[in-house]
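Novice: Attaching a single structure in C-alpha cells format; questions to follow.
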C-alpha cells in the first residue's frame, strides 16, 4: 500500500468501529513511535514509557467510539499519552532509599538474644545489608516501588498491580528481573 493510498486515521477509526480489528493495529503501528516519544519526554524512563505507551493505546481503544473523527487522531492520542504519563509520575514517585527497612535494627535486637552472633558476623551482615541497599538504590523507581510494596508492606503481586494500575504480568516480570539483578550483582560484584 503506497503512502498516497494509505487510509486516513479517521477512515481507520470508522473501520475499527465497524469491527475491523486490523484497522486499530494500523493506527497503533502508525502512531507508536510518536506516542512512545511523548511518554518518554514526560517520564524519562524507558520501561515506564513503554508501559505508558501500552496503556495509552488501551485507553484509546476503549474510548475510540467517543472520538470525534473531525478532529486529529494523533493530537487526541498524544494528549492521552501525556495525561497517562503524568498519572504514572504521580503514582510512581521516587522512593527514598530510607524507605527500605534497615536490617540493622534486626541485628541490634539479636544482640539481646541467647544466640548472639559474633561481632564479625554482625559486621558482615551489616555490610551485606548495605550492599543490598546500594544495589536496590540503582534500580528504577518503579521497580523499587514493587520491591517495597511486596517485601516491606507484604502486598501480593495482584494487590501491587491494582495499586500501580499495571498488568499483573508486568509487575511479576519486573519483580523477577529485579531479583535476578540483585542476585547477579551480589554474586558477581564486578557487574555493579
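Novice: Can you find even one residue in region 168-188 that is in contact (Cβ under 8 Å) with a residue 24 or more places away in the chain, more than 20 Å from residue 46 (Cβ to Cβ) and out of contact with any strand residue (DSSP E or B) (no Cβ under 7 Å at 6 or more places or on another chain)?
Specialist: yes
Novice: Do you know which residues across region 133-143 are in a helix (DSSP H, G or I), touching a helix residue (DSSP H, G or I) at 6+ places or on another chain (Cβ under 7 Å) and under 17 Å from residue 188 (Cβ atoms)?
Specialist: Answer for region 133-143, where residues must be in a helix (DSSP H, G or I), touching a helix residue (DSSP H, G or I) at 6+ places or on another chain (Cβ under 7 Å) and under 17 Å from residue 188 (Cβ atoms): 135, 136.
Values in this text are rule-based calculations from the coordinates and carry no lab data. Keep in mind it's a predicted model, so treat the numbers as computed, not measured. Here Cβ is always computed from backbone atoms with ideal geometry, including for glycine, and neighbour counts include all displayed protein chains.
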